[in-house]
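Data first, discussion second: the structure below is written as structure tokens.
The values are calculated or read from the model by the stated rules, or taken from the named source; none is laboratory data. These figures come from a predicted structure and were not determined experimentally. Cβ sites come from the backbone with ideal geometry, for glycine too, and all protein chains shown count toward neighbours.
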Amino acid sequence: MAPVILHVEDNDDDAELTERAFAEANIKNRVCRARDGVEALDYLFGRGDHAGRSTNDLPAVVLLDLELPRLSGIEVLTAIRAEPLTRHLPVVVLTSSNEARDRLDAYGQNVNSYVQKPVAYHEFVATARQLGQYWMELNQPPPPGAGG
């Protein structure tokens with residue numbers, strides 16, 4: 001079974017467009033969506049509504065919006081990088097912000113990539129397709145047991 005893509009996105013339209021672009025690009029990985037930062041961390045660490053989920057089954061990549069309810073994307077990224085289990089998990093910020101402070105904060109927390117969401121529909125779909133293809137087909141993940 002192909003690894004999951006964790007998409008942390010509170011905007012339903014953006015989440016749907018991303019999943020549609022993945023389908024058009026023939027990316028077969030299941031997309032698991034978290035609608036806020038707390039839900040994302042609960043998924044990754046097997047707690048809350050995701051209690052009992054094996055934390056050894058990490059997603060292939062996390063697509064992370066910055067402007068989220070309950071916990072910001074930077075707070076989520078900080079928590080991911082602080083835990084040995086998820087320290088090397090590939091995280092891509094996918095956000096509408098192109099603020100220098102946001103980019104600096106994300107790279108300061110060792111984000112793997114920072115991508116600004118295009119406004120135009122066809123550009124958004126093309127960006128999502130390229131992200132999916134790169135992270136699912138080209139990127140070489142860390143070796144098993146690389147946490148810590």
When Glu75 is run through (1) in contact with an Asp or Glu (Cβ under 9 Å, 6 or more places away or on another chain); (2) of a type outside the set (Val, Ile, Thr); (3) under 23 Å from Gln116 (Cα atoms), the failure sits at (1)
| task | State whether the residues of the range 121-137 include one that is in a loop (DSSP other than H, G, I, E, B) and surrounded by fewer than 19 Cβ atoms within 10 Å (Cβ to Cβ). | result | no
Note on His7: of the conditions (1) within 15 Å of the chain's Cα centre (by Cα); (2) without any contact (Cβ under 8 Å) to a residue 40 or more places away in the chain, unmet is (2)
Scanning the range 91-108 residue by residue, those of a type outside the set (A, V, I, L, M), at pLDDT 95 or above and surrounded by 13 or more Cβ atoms within 10 Å (Cβ to Cβ) turn out to be Asp102, Arg103, Asp105, Tyr107
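Scan the range 1-13 residue by residue and report those that are surrounded by 14 or more Cβ atoms within 10 Å (Cβ to Cβ) and modelled with pLDDT of 90 or more. Steps first, answer last, please.
Of all residues in the range 1-13, those surrounded by 14 or more Cβ atoms within 10 Å (Cβ to Cβ) come to 3-11.
Correct list: Val4, Ile5, Leu6, His7, Val8, Glu9, Asp10, Asn11.
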Leu138 fails exactly one of (1) among the aliphatic types (A, V, I, L, M); (2) touching a Leu at 6+ places or on another chain (Cβ under 8 Å); (3) free of Cβ contacts under 8 Å to residues at least 12 places away in the same chain, namely (2)
| said: Suppose the filter is among the hydrophobic types (A, V, I, L, M, F, W, C), assigned to a helix (DSSP H, G or I) and closer than 17 Å to Ile5 by Cα; does Val76 pass it? | reply: yes
In the range 20-56, residues that are surrounded by fewer than 19 Cβ atoms within 10 Å (Cβ to Cβ), at pLDDT below 90 and not in a loop (DSSP other than H, G, I, E, B) total 3
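Sort through Val111, Val76, Val93 and tell me the only one that's more than 15 Å from Leu131 (Cα to Cα) and within 12 Å of the chain's Cα centre (by Cα).
Numbers: Val111 fails: more than 15 Å from Leu131 (Cα to Cα); Val93 fails: more than 15 Å from Leu131 (Cα to Cα).
Going through Val111, Val76, Val93 in turn, the sole match is Val76.
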Picked from the range 113-126 (must be in contact (Cβ under 8 Å) with a residue 40 or more places away in the chain and not basic (Lys, Arg)), the residue farthest from His7 (Cα to Cα) is Tyr121
For the range 58-82, pairs from a residue that is farther than 15 Å from Thr18 by Cβ and at pLDDT below 95 to a residue that is of a type in the set (A, V, I, L, M, F, W, C) and assigned to a loop (DSSP other than H, G, I, E, B), with Cβ under 8 Å and 6 or more apart or across chains, are Leu58/Leu85; Leu58/Leu89
Pro118 vs (1) within 20 Å of Glu16 (Cα to Cα); (2) in contact with a Phe, Trp or Tyr (Cβ under 8 Å, 6 or more places away or on another chain); (3) part of a helix (DSSP H, G or I); (4) not aliphatic (A, V, I, L, M): all pass except (3)
